[in-house]
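Take a look at the structure below.
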Amino acid sequence: MIVPTVTNIQVELTSNCNAMCPGCGRNIDGVSVNPNLVVGPNGNMSQDLWKKIVYNDWISLNYIDLDGNWGDSILHPNSVEMLEELGKHLQTLPRETKPIIDINSNMGYHSTDRWKELARVIKTYYRDRSVVQAGLDGIDNESHQKYRKLVDFDKAIENCKALIDEGINVK
């Protein structure tokens, strides 16, 4: 069991990503996936491992970081449901406040409905100061592709707007 004094955690739900960013360690020069990473279905965190993380006495947990060092966590096919499961469990604990969730994403995948579902989970189970940090690196698709290869700029903007329209802080 994890000690109840832990205040911050960083979790990678997947090593999968739809992008090939030249500066990212998960690929080689923006051309091929790092051969040391497990990708595809086996690159997703298992439900069993997730439950081992979730079902702890997180009474002091104030900050959850889905960083995206090795993958884009919301790309995990069950990411929204996983965050809802964690949120529900945290509500059963004697806690003073909801935690902040900080999600990093390139935003270039999923439908706007899926992002709105994430917004519902964030608003229900996490603190108002929670944030989704969007990896936008250009002013249009042409400039964006230099840094976020394979991520459609317009799709990313559309998904950012969906979250903002739902009241989520997007940076």
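No value in this document is a laboratory result; all are computed from the given coordinates. This one's a predicted model, so the numbers in the text were calculated from it and none came from an experiment. Cβ: placed from backbone, ideal geometry, glycine included. Neighbour counts: every protein chain shown.
Annotations for the structure displayed:
- A Cβ-based charge dipole, computed about the Cα centre of the chain with Lys and Arg at +1 and Asp and Glu at -1, lands at about 260 debye.
- Highest-fluctuation residue, L93, L150, L118 considered, GNM on the chain with Cα pairs under 10 Å: L93
- Calculated Kirkwood radius over Cα pairs in Å (choose from (i) 17.4; (ii) 20.9; (iii) 16.6), label: (iii)
- Cα-derived Rg over Rh, computed across region 1-90 with Rh taken as Kirkwood radius: 1.03
- Stokes-Einstein diffusion coefficient of region 47-86, Kirkwood radius over Cα pairs, 10 °C, 1.306 mPa s, in µm²/s: 140 µm²/s
- Of N69, N27, N36, the one that fluctuates the most in a GNM where the chain has Cα springs shorter than 10 Å: N36
- For region 1-45, the Cα-based Rg and Dmax, in that order, read 14.2, 43 Å.
- Neighbourhood charge, 12 Å Cβ-Cβ cut-off, centred on E84 and excluding it, Lys, Arg +1 and Asp, Glu -1: 0
- Axis of helix 153-165 versus longest Cα principal axis of the chain: the two differ by about 30°, to the nearest ten degrees.
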